[in-house]
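Only one structure is covered here, and it is reproduced in the block below.
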Amino acid sequence: MPLRKVCLLMLASTIVGLPCWSQEPRAAAVNATESARGSASRPAVKKIPPAALKPADGFANYDNRIGMPVLKHILLDQKAIWTSPAHLQLRDASWLVPLGGLTAGFLATDSPASLSLSNAPHRLDRMNRFSNYGLGALIGAGGGLYLWGRITGDEHKRETGVLTGEAVLSALAVSMLLQNLTRRERANVDNARGRLGEGGSSFPSDHAAAVWAVAGIIAHEYPGPLTKLLAYGTASAVSAARVTSKKHFPSDVLVGSAVGWLVASHVYRTHHNPELAGDSWEPFSWLKGGEREQNWNSLGSSFAPLDSWVYPAFDRLAALGYLQTAFLGMRPWTRIACARLTDEATEVFRQNEAVPEEIAALHARLQQEFSYELKVLDGKRNLTANLETVYARTVSISGAPLTDSYHFGQTISYDFGRPFRRGTNGQIGGAFRAAAGPVALYIRAEFQHAPSAPVLSDAVRQVIALRDFVPLPPALASNTVNRPRLLDAYLTLNLNNWQISIGKQSLSWAPGPGGSLLWSDNSEPIKMVRLSNPEPLRMPGFLRLLGPAKFDQFFGRLEGHSFIPRPFIYAQKVSFKPFPFLELGYGRTSTIGGKGGDALTAGNFVASFFGHSSKRIGSVPGDGHAAMDWTFYVPKVRNYIVFYGEVYADDDFIPWQNPATNPFRPGIYIPRIPGIPKLDFHLEAVSTESPGFNLGNQGNLNYWNAKYHDGYTNNGNVIGNTVGRMGRSIQFWFTYWASPRDTFQFTFKHSSVSADFIPGGGAWQDYGLRNETYLRSGLYLKSELQYEHISRFPILSGNPQQNLTAIVELGFSPEKSK
């Protein structure tokens, strides 16, 4: 693409954000309702006091009536939009640069991204119709509110309908003019080359502009969490459908969405009557900083990686009663959320003089880890970029390790799907994070090496074919692995405590260190679009009785499936805390689509979402998984005892519908052993054995599906617990906290595989010693020595086997050297 055209496209992508700066901000006094030290609950719907509004030059006009007032508003809005470049300031680079960089990144990948999508005519037509229906539904909602307001005399509803129409017309005026300037080809033309100046109307997407304009107005006129979720969720779905229908490229949709949202912001801030109910809207208040000028629930922040030392530290503080708002069954947490939890512990410490020395030191170390984020909570501008860590990791395995928990077991578990085989394995990598206002970026990349592996025996391959109902795998050796790999790598945007993240991400959806049955970090991070609320919120109405709540949901795609290639997967998780000492969670995932699988239609999606049978296919579409987890802090017990656990269901909507076949994982945590206060203890047991399982009754098998024979895996690794499909294990961890970050841990795990599943069954024991040491220079050392005794596994070896695994990771964190 010629440089001149790229520059033109970049200029267009930045111009769309300028309307929000055409007038002076008016949210300073409004956003003061929620401080950085405030409650985790969501602010209530409120009227904006007139004293808080001081529009520049008398531009604000609240005469929201159909006819000449609307026409006047639109003309004034267009004037403000196209003259806004004259009002740019240096601080605007803090949001223009990320937007321009993201647009440039999408431009570079537009063509391959579009070519990777399905060309099936029925799917393209279905996605196109969905985008039209979704846009029509939102615009219809705005029109319906106007009519409802006219009939009932409700001025608020009438204004919402008028402002919705104004925002849509203004956004479409901007997008159509940009389309005429760029004249970009559509994604379904000329092999998705996306050339400029060819008479097309692709850039930006007018559907995206219109739908985000409507969503922005409705979400701020009625700022409840469910309204925002429905409005922005519909806008996101419509935008995605414009890409999957090949009507637009991803960059078209990105810029179109920005046009709609920012135009809606200008229209709402300029024409919303402050005497009516509604929410404040100051999208870039973070540029100024100041505790009373920024909404800390709208600050972008990367997630603390799942293998970070901070999670065991927060677990300990929560178990000892110093944290009440932490949700242990839903991770990862943003760094801003971690800072807020650290602040919560500070307040508890101030009310409790008898804080043990080692716990106070642990809290002080967390304050140091999140010092920047704590300053942001106090009002500092959120603008940072850091090299988080660089590291080199060696994994040496003396014997033939277990590498396949889908059939047999795993010697190394919950390691982000990294490859490992007999001999010397290694990874060299690093992590980088950045944040600018509501936007954050995280990239963790490494180069991975693993030796080759010999051909599987005929008996092993026959068992795999028999248990998976697939053809006999070929007798091929596994080649040496030498590859660059992205682990967690994503871009995230926080919109008033609803954080949208796009990229490869790792999740953990149950408490305890033993690996969730529903979703763990055992597999490689999955490419997904994810929506979550970093901070707990209060549900409306009687649902408030459930206490603070957190939601997490995503839509992604699995890799490494050969029976039905590249199926989609989507998931939802919700957790509540009805009491400070009790956390309850429910999660569900569904695998659907893929070549030869149940088609991802609107009907199949709804049926799979609710676990209902589809009349068209005669069963529940896709492959469903559900789990319920709990964390119970035993009140009034010295040193506290925590009971936690998880129950899982394969294909059932409710995890306890078939107790005999539902896997379970109970656990107990004692954060301070009496007499040895620096020592804590975890104990877990897990079983996925299904009574009555036999070769003719594979339906009772967990993590397996009669349609999706590659099962609940991503690139060959089980997504849930590595106990596998018909296994048991019991495990305990003793952790000694030599200092807040320096720990020594002894682990033991006994595992077995049922003889009903694998001929002759299997049993093995793992004994491990782990250590983490961090120096003030920023250097750190992680080491692990594990002895594995495979006492019985006749299909793999006729005699008992031993493995000695040594793991050494040497790294450097520049921030920690300060």
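Which percent of the accessible heavy-atom area of the stretch 344-443 goes to carbon and sulfur, probe 1.4 angstrom? Here carbon and sulfur together make up 54 percent of the probe-accessible area.
Fully extending the segment from L781 to T480, taken as 0.36 nm per residue of separation minus the present Cα-Cα distance, adds 105.6 nm. If R0 is taken as 60 Å, the Cβ-Cβ distance between A364 and V606 corresponds to a FRET efficiency of 0.75.
What is the distance in Å between the Cα centroid of the stretch 407-462 and that of the stretch 491-552? Computed from Cα coordinates, the inter-centre distance equals 23 Å. Taking a Cβ cut-off of under 12 Å around A113, the surrounding Lys, Arg, Asp and Glu residues balance to a net charge of 0, with basic ones at +1 and acidic ones at -1. What is the mean projected area of the alpha carbon convex hull for the stretch 225-288, to one decimal in square nanometres? Answer in nm², one decimal: 5.7.
For the stretch 156-290, the carbon plus sulfur part of the accessible surface works out to 58%, probe radius 1.4 Å. Projecting label points 7 angstrom from Cα along Cα→Cβ for R193 and H789 puts them 6.9 nm apart. Calculated accessible area for the chain comes out at 40 Å² per residue, all protein chains present (probe 1.4 Å; ligands, DNA, RNA ignored). For a paramagnetic label modelled on I673 (point 7 Å from Cα along Cα→Cβ), amide N atoms under 12 Å away are absent within the stretch 346-365. Helices of the chain meeting both criteria, an alpha-carbon length of 30 angstrom or more along the long axis and an average Kyte-Doolittle score not below -1.0, with helices taken as full DSSP H segments, are 93-115, 121-152, 155-182, 250-271. Sorted largest first by accessible area at a 1.4 angstrom probe radius, with every protein chain in place, the residues D680, D521 fall in the order D521, D680. Diagonalising the gyration tensor over the Cα atoms of the stretch 360-442 and scaling each eigenvalue by 5 before taking the square root yields semi-axes of 38, 15, 13 Å, largest first.
Ranking G144, S202, T164 by how far each Cα lies toward the positive end of the dipole of the stretch 129-203 (charges on Cβ) leaves S202 at the top.
Percent of C-alpha pairs per 5 Å bin in the stretch 484-557, short distances first: 3, 14, 19, 21, 19, 13, 7, 2, 1, 0, 0.
Between T394 and F643, residue separation times 0.36 nm minus the direct Cα-Cα distance comes to 86.1 nm.
Taking the protein heavy atoms of the stretch 543-604 in the context of the full set of protein chains, the accessible area attributed to carbon and sulfur is 70 percent at 1.4 Å.
The values are calculated or read from the model by the stated rules, or taken from the named source; none is laboratory data. Bear in mind the structure is a predicted one, so any value in this text is a computation, not a measurement. We place every Cβ from the backbone using ideal geometry, glycine too, and count neighbours over all the protein chains shown. Accessible surface areas use protein heavy atoms only, side chains included; no ligands, DNA or RNA. Shrake-Rupley method; radii C 1.70, N 1.55, O 1.52, S 1.80 Å.
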